[in-house]
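Have a look at the structure below, then the notes.
A short reminder: the numbers here are calculations on the coordinates, not readings from a lab. As the structure is a prediction and not an experimental result, all values here were calculated from the model. Please note: Cβ atoms are built from the backbone with ideal geometry, for glycine as well, and neighbour counts cover all protein chains shown.
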Amino acid sequence: MSTKFFTNKNGNSLIKKFEGVFTNQTIFYFDALVGYFRASGYFKLRPFLDDVPEIRILVGINADNLIAEANRKGQLYLENSDKTKEEYLKFIADDIEKASYDETTEKSILQFIEDILHGKVTIKAYGQKNLHAKIYIFRPKPFNEHTLSSVITGSSNLTDSGLGTYDNSNYEFNVQLNDFSDVKFATEEFEDLWKDATEIIPTDIDQLKAKTYLKEDVTPYELFIKMLVEYFGDAVIRDKIGSLNLPSGYTNLQYQADAVVEGFHKLMKHNGFILADVVGLGKTIVATRIIKKYIEKNGYNTKALVVYPNALETNWKTTIKDFGIGNYVHFISNGSLHKIINGDNPNYLLPEDYDFIIIDEAHKFRTSNTNMYGLLELICKTPRATVGNDIDRRKKVMLITATPLNNKPEDIANQVYLFQDSRKSTLEGVPNLQTFFADKIEKYKKLYLIKDHDQLIKKVKEIYEPIREKLFSELVIRRTRADIKKIPRYYDDVKEQGMTFPDVIGPHKIEYAFSDAQEKIFFETVAALVESLGYFRYRAIEFVDPKYADLYDNAKLISEQLAIIMKTQLVKRLESSFFAFKMSLQRFHTSNQRMIDMFANDKVYVVPDIDLNKFLNEDRIEDLEKKIEELSEDSPKNKVYKAEDFSPELLKGLQSDQEILNNLIQSWTNIGDDPKTKKFLEQIDQHLFDERNVDKKLVIFSESKETVEYLAEELRKKGRLDVLAISASNNKQKFATIRKNFDANYPEKQENNYNIIITTEVLAEGINLHRSNIILNYDIPWNATKLMQRIGRVNRIGTRATAIYVYNFFPTAQSNNLIKLNEKALKKLQGFHSAFSEDSKVYTEEEQLIESTLGNLEPKEEVDERLQYLEMVRELFEKNPKEYTRIKNLPLKSRVGRLANIKQQVAKKIIGQDLENSVLCYLRNKMKEGFYVANEKDCVEITFYQAVKLFEATKKEEAIPVFENHFAAVDNALQHFKKVYNTVYSTEDYDTSNLSVQERNSILFLNSLKDLRRSFPQELSEEFIEMIDASLKLIYMGVFRKFRNEIATLAARQKKKKTPLPKVIQELNQLMTKYPIRNIVRMDALRAQEEQAPKVFEEPKIVITETFA
């Protein structure tokens, strides 16, 4: 049946009708009235218009916006032709921005512009009311009832989808009328509208071109600034809100306000970040402001949890209270995390009920195999049960630490894994963090083979610079005093507040010499401690009868670790003081003899959960055995053995050790005075209280409580009654006294009853001691990052001093050669400098900051390059806002051509070759942004630090034409972006390759259980299999790192002991119950309901491109 109606079914589309009319009729006039007309679709229509002399296109605009604007002003809407023109040109510019970036589309757009400029096409915009009609009129010349003409009307706009130029276009319904009366009526209606419309003249179109990426006068420098503006976003405009709401007594320092803005952005983008400002810059205040900002964002049902060491409790609770958010924040110490996991403590919510976890001194959670880390990981990674305005079920996590790196890349990885899944990260270019860290961890292990210090520093930098560029640029906020000093806006602000940042001078070595006899004893002692002693007292379970082996997993490994710990402690005490070492030596001697006596009495106590020495010192044997009996019911590891339950090798080892200890005690009875103490007392009298000591206060650190008490007593003997000795046993009682005498920020009357404070590490964090500007490290901690914490006690905002002086008693050569203390400390600290741009040396002259040359061992401060680029844009924003706005408003897809040789050396360093015939692309969508160097065949994603070096340009550099065949290279970058996006951001997809040994073993074990379902359907229920599937997903994604290790351990035990299936199921059930697997299964089902609508992939936008020829 013949009909005048047509749809776009079976290829019978509007474009086909156009082809038929233009081919079979002689058309002189073509008029189109449309609501939407896209320049990008013009190319499809253009071939039919070559022989059409007069073309008129009347387009509608969104008049609703203009009418609404008039109504808001209380005015009657009367069309303003300038507004109509502006609205249409804005629509066309937006169309050009969103159009596909390919050669065909661009030619279409350019042809459209060219046709208007040369009068081929006349365009008018109608703004009196919305146009919803679609009319296409085809007329010959002359036009009358005797000539052939047509009109098409219906639903189709003059767009790609309306024309039906591709598969799966919109469903359209149109009609073609060929009667003269119909065409005449349509023409008259068109003419009425045409005379009231606003013409878009060639000059308007020429100006339009200048507002799109087709603009040809963009310079490389402008695109460089545009790149920075787009990358930093709102961070350029500083936080204006928080400054008005600070509590009384708090100063709105600008560097802190900027950290709040940037930190909140990272928190929302990556679900977490690391606040790593150096000590003394106010991290607690910055963190509290971010907590408050998140509560305002998520809603007032938000619950935050602050995790901290005991020493920081007072500071945190006071600050949270001052900011008025105490009702939204819970507090818990590091050692009490089990109270949340157990779920039976009324003072705490369940893990899934917290929205935001804040971990202070986060470096304490650097080791993933500890129980404390496992508990924290559970709290951080358990999905939120309810969501507020932040609809992501993943928690937000903020790690706070001035020392996020302890001594290994693995330490950074473990901290990042608290908010990033190890195998499915949100980081551009690093979707699999586990793979990224693997080679760096291996390289770090090999550093012990390097003897040359310069070579050691070079290799450490090679490990940490990629971490810094690819991870820390996204996940870490790190501001040093060098940063603040070198950014005028920050430093001027600090000075205006009456504050200062002192220089850190030193460290200065204080060396001491042994007598010949002491040196001989010292050397023999080190040899005995490191080589001769077997530390059998701490290895009992290694030699227990095999029938008890099930009680002690990894007995040999645990025994060896305990022995190493004891060995380490003795050498540390030896380095600390003669007094401390002799005390430790005597305790070891006594404990070892007691173990020998246990064998003689045929009662050997193995009690890992009891302080054995406390009972034995008090001669409470009956109480001890009663306690063991009580404990053994729940923990059979605590047990009284007979001598025959151990290999004879244990008793022989104990007796051998006792002989060595007897000889050591004999030698040290006649060791004489400690030359280190003598040197210390000399320094007190001669140097440490000279004119450099501003307030005549001195802070002394030691790792040993016994050394602290010993030194205090020695000073009292010399008549110094102003000495305060502090350790874990009295720090809380003395807290107020310490503040009154050593805290420059103490708000009430300060005191001078004490001028010397000698302390263990208990005061290395959580307190101000900055009335002193002299710090003495009597012994140096093996965890060298503690040195930074120590210096931070005196290098704080509020000090009156212009310089901080650091003195170190340096380890003696004998011990240093054996334990490689020097090398260990150097590796740890250089890792800090490379990764975090530390601003002052804390250990030896052999340290270098990252910008120091290898041959120059003088300390140099360095600033964060990223911060420098941010400040460059901020300065433009403040000093020349008009120019900032102009560059900011450069359209997306802006591009420029450059000479490849300008960036030849930089490019070879970054990608290993020059940039000729390549493009540099900046792409993004709402979830991801990335920088790419690409040509037609190859593409590589680069970091911000690398990209900014390539984009960087001077104002003098001139642009060259963009090379014509660059579209394929840009498309290559776009395809690479999509591939990474789909890998990282899709809901279900995750990397199932590049598995670690533990992951492979865990997955094989779980899959083997699933395979048994058919044979054992009752034992392996559907719910149990569902939990196994959830567990597999968590392992693939790397959610709970400890979980995969525990599954692997269970698998190994089952393989070794051939555990029956019911027992395996029971143990696996217990393990999966320990983790929130059931909750995650429930959350996944809930999330599936919430996300019933399929996720639509968001195409990446081209921010800017540069071509190199």
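Worth a mention:
- In the chain, Cα pairs under 8 Å separated by at least six residues give a relative contact order of 12 percent.
- Nitroxide proxy distance, nm - points 7 Å out along Cα→Cβ at Gln913 and Ile621: 8.1
- For Asn130, nonlocal amide neighbours, meaning residues 5 or more places apart or on other chains whose placed amide H falls under 5 Å from its own, are Ala63.
- Degrees separating the helix 785-794 axis from the principal Cα axis of the chain, which is the longest one: 90
- Fewest-first ordering of Thr3, Thr318, Thr435 by other beta carbons within 10 Å of each residue's beta carbon gives Thr3, Thr318, Thr435.
- Here the dipole of the chain is about 1560 debye; that uses its Cα centre as origin and unit charges on the Cβ of Lys and Arg (positive) and Asp and Glu (negative).
- Pairs from the table (Lys266/Lys293; Lys98/Lys882; Lys440/Lys461; Lys705/Lys786) lying more than 19 angstrom apart at Cα are Lys98/Lys882.
- Using 0.36 nm per residue and subtracting the Cα-Cα separation, the extra length available between Ile391 and Lys520 on full extension is 39.6 nm.
- Assigned charges on the beta-carbon of Lys, Arg, Asp, Glu; the range 5-210 dipole about Cα centre (debye): 240
- Here the simple spin-label model places points 7 Å from the Cα toward Cβ, and for Asn889 and Lys937 these points are separated by 4.5 nm.
- Fraction of antiparallel bridges per DSSP, the chain only, in percent to nearest 5: 40
- Cβ-based charge dipole, the chain, positive-most Cα from Val794, Met598, Leu246: Met598
- The long axis of helix 1022-1037 is offset from the longest Cα principal axis of the chain by roughly 90 degrees.
- Those lysines that a straight Cα-Cα span of less than 25 Å connects to Lys1057, excepting residues fewer than 8 apart in one chain: Lys547, Lys556, Lys637, Lys639, Lys1010, Lys1042, Lys1074
- Positive end of the dipole of the chain (Cβ unit charges, origin at the Cα centre): among Val59, Ser108, Ala563, the Cα lying farthest that way belongs to Ala563.
- Helical contribution to [θ] at 222 nm, DSSP H n ≥ 4, -39,500 (n - 2.57), averaged over the chain, rounded to 500: -14500 deg cm²/dmol
- Contour minus Cα-Cα distance for Arg46 and Ser1021 (0.36 nm per residue): 344.4 nm
- Hypothetical label at Ala600: residues of the range 540-564 whose amide nitrogen lies under 19 Å (7 Å Cα-Cβ projection): none
- Placing +1 on each Lys and Arg Cβ and -1 on each Asp and Glu Cβ, with no other charges, gives the range 474-590 a dipole about its Cα centre of roughly 240 debye.
- Principal-axis tilt of helix 371-381 within the chain, Cα atoms, nearest 10 degrees: 20
- Cross-link partners of Lys9 among aspartates and glutamates (Cα-Cα below 12 Å; sequence separation of 8 or more within a chain): Asp167, Glu172
- Each label was represented as a point 7 Å from its Cα along the Cα-to-Cβ direction; for Lys652 and Thr370 these points are 3.8 nm apart.
- Calculated FRET efficiency for the pair Glu216/Glu1099, C-beta based, R₀ 22 Å, to 0.05: 0.30
- Order of Asp192, Asp695, Asp94 - criterion: other Cβ atoms within 10 Å of each residue's Cβ, fewest first: Asp192, Asp94, Asp695
- The separation of the range 634-709 from the range 168-238, counted between C-alpha centres, amounts to 81 Å.
- Listed pairs Lys226/Lys470; Lys642/Lys1055; Lys83/Lys928; Lys451/Lys652; Lys908/Lys979; Lys381/Lys893 exceeding 29 Å between Cα atoms: Lys642/Lys1055; Lys83/Lys928; Lys451/Lys652; Lys381/Lys893
- Extreme residue, positive dipole direction of the range 997-1090, given options Asn1069, Thr1059, Val1039 (C-beta unit charges): Thr1059
- Estimated FRET transfer efficiency (Lys717, Tyr512; beta-carbon r; R0 22 Å; 0.05): 0.70
- C-alpha center-to-center spacing [the range 337-413, the range 880-901] in angstrom: 42
- For Lys1010 and Lys141, the difference between the fully extended length at 0.36 nm per residue and the C-alpha to C-alpha distance is 304.9 nm.
- Across the cross-link table entries Lys292/Lys740; Lys495/Lys749; Lys679/Lys718, which are compared at the Cα atoms, the separations over 19 Å belong to Lys292/Lys740; Lys495/Lys749.
- Nearby aspartates and glutamates by direct alpha-carbon distance to Lys572 (threshold 15 angstrom, same-chain neighbours under 8 apart not counted): Glu703, Glu706, Glu761, Asp779
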